[in-house]
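These notes are about the structure you will find just below.
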Amino acid sequence: MTRQQLEQNGDLRQMIYNHKSPNLVRIAPVLDGQRIEADAKLSFKHNPDGSITLSPHFMKSRPNLEQEYRGYTFTEQDKAQLRKTGNLGKAVDLVDPKTGEVQKCIVSLDKLTNEIESQTVDGTYIKPKIANIELTMREIGILKNGGILPKKFVELADGRKFYADLQYSVEKRDVGFNSEPYRKENQELRNKDAQTQAPEGDKQTQGNWLDKDGNIKRLHQWCKIPLDEQKQADYMAGKLVRVGESKDKFGNDCIIYVQFDPQKGQPETTREYPDRSKVVGIAEESKTQLSVNNDGQTNEATKNIREPLRKGQTEPNNETQQKEQKKSKGPRI
């Protein structure tokens, strides 16, 4: 894992602000004299001597909600809420492990690593404006205490519109959108937007992805995210390119990839969803892709493929993936 890789994935930016990397990375620690490959998030650890080291947060098979957490015992309702939304939904009294002080805190669950995280209410900052929504002081107070603002109409800077519940996530250090309860309303919004768009809008781009010699044209941006020179070159070479983090049309957090499809003669988009439980609007043919890319699930045909699966993919689709499929990843932690 290099600095350049962390920068390209958007991980380093979050780590600099004392957050964990938003994505899982593949590392190979030595345990009991044996090197084992494992997936983990990374963060910077500030040591007493002033030095800074990397701290891994290994992916666990399940969250430990049965054990007392900083002096607080989770109720059955608490456990269900954490598993469903990733957030406890209320402020509770927790004991600071360093000082022994009891503090009012909010609690979240990292769905990728299954780590429990907490943050003091006093140390939680809520921006007064989220997307198009101007928050009142009362609404800010609700979010700071872990509560939900239900069914807000959200309009993002790129023009996407959807209904969602707003709730602060300790794991993301930001207010997140949950559009799952409003699947029908959001589908109606999408249909309405599609009807108002000029029909020739898409036709103008069709057939313009290749130059007169049949070579792939350069892409300067994709899904309104700029591509640097290296990503542009990789795309023109036919490689799968990680575009960056965004939200899909339902408001789900996702990581966007693009690759030119020579059969269709146009670029194809793949979306990787870090938080599977909140994803809505996924087609049946994409379920294998979604499960493998985001839940860590496998089937025999794809279990050793490391790059995200393409839409509808259920088996290796090129020589590289076929070689990866024959390799063993080793045990997971």
*Which condition does Leu42 not pass, out of (1) in contact with an Asp or Glu (Cβ under 9 Å, 6 or more places away or on another chain); (2) assigned to a loop (DSSP other than H, G, I, E, B), if it passes all the others?*
(2)
*Only one of these is touching a strand residue (DSSP E or B) at 6+ places or on another chain (Cβ under 9 Å), closer than 20 Å to Tyr168 by Cα and in contact (Cβ under 8 Å) with a residue 60 or more places away in the chain: Leu94, Leu82, Leu109, Leu88. Name it.*
Leu109
*Is it the case that some residue within region 79-102 is outside any strand (DSSP E or B) and touching a His at 6+ places or on another chain (Cβ under 8 Å)?*
no
*Residue that is surrounded by the fewest Cβ atoms within 10 Å (Cβ to Cβ), among those in region 8-31 that are touching a residue at least 12 places away in the same chain (Cβ under 8 Å) and under 21 Å from Asp234 (Cβ atoms)*: Arg26
*Regarding Lys212, is this residue loosely packed, with under 15 Cβ neighbours inside 10 Å, at pLDDT below 90, part of a helix (DSSP H, G or I) and of a type outside the set (A, V, I, L, M, F, W, C)?*
no
*Test Arg183 against the stated conditions and say whether it is assigned by TED's automatic domain parsing to the domain that holds Leu143, at pLDDT 85 or above and of a type outside the set (Asp, Glu).*
yes
*For region 34-42, indicate whether the set of residues that are among the acidic types (Asp, Glu) and touching a residue at least 40 places away in the same chain (Cβ under 8 Å) is non-empty.*
yes
*Please list, ordered by first then second residue, the pairs with beta carbon atoms under 9 Å, 6 or more apart or interchain, first in region 114-142 and more than 21 Å from Asp158 (Cβ to Cβ), second surrounded by 11 or more Cβ atoms within 10 Å (Cβ to Cβ) and acidic (Asp, Glu).*
Glu115/Glu171; Ile116/Asp110; Glu117/Asp110; Glu117/Glu171; Thr120/Asp96; Ile126/Glu139
*asked:* Could you check region 73-88 and list, in sequence order, the residues that are buried (at least 18 other Cβ atoms within 10 Å of the Cβ) and farther than 19 Å from Tyr125 by Cβ?
replied: Phe74, Asp78, Gln81, Leu82, Thr85, Gly86
_Scan of region 48-72 for residues that are under 24 Å from Gln103 (Cβ atoms) and part of a loop (DSSP other than H, G, I, E, B), ordered by number_ = Pro48, Pro63, Asn64, Leu65, Glu66, Gln67, Glu68, Arg70, Gly71
*Quick check: is even one residue across region 121-130 part of a strand (DSSP E or B), of a type in the set (Gly, Ala, Ser) and not assigned by TED's automatic domain parsing to the domain that holds Leu24?*
no
_I want to confirm something. Restricting to region 258-287 and keeping residues that are at pLDDT below 50 and outside any loop (DSSP other than H, G, I, E, B), which single residue is surrounded by the most Cβ atoms within 10 Å (Cβ to Cβ)?_
Ser286
*Which residues, taken from region 171-195, are among the hydrophobic types (A, V, I, L, M, F, W, C), surrounded by fewer than 15 Cβ atoms within 10 Å (Cβ to Cβ) and in contact (Cβ under 8 Å) with a residue 40 or more places away in the chain?*
none
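Taking the stated definitions as given, is Asn64 under 30 Å from Gly146 (Cα atoms) and touching a Lys or Arg at 6+ places or on another chain (Cβ under 9 Å)? Lay out the reasoning, then the answer.
On the way: under 30 Å from Gly146 (Cα atoms): yes; touching a Lys or Arg at 6+ places or on another chain (Cβ under 9 Å): no.
No.
The values are calculated or read from the model by the stated rules, or taken from the named source; none is laboratory data. Owing to the predicted nature of the structure, the values given are computational and were not obtained by experimental measurement. Positions of Cβ are backbone-derived with ideal geometry, glycine not excepted, and every protein chain shown enters the neighbour counts.
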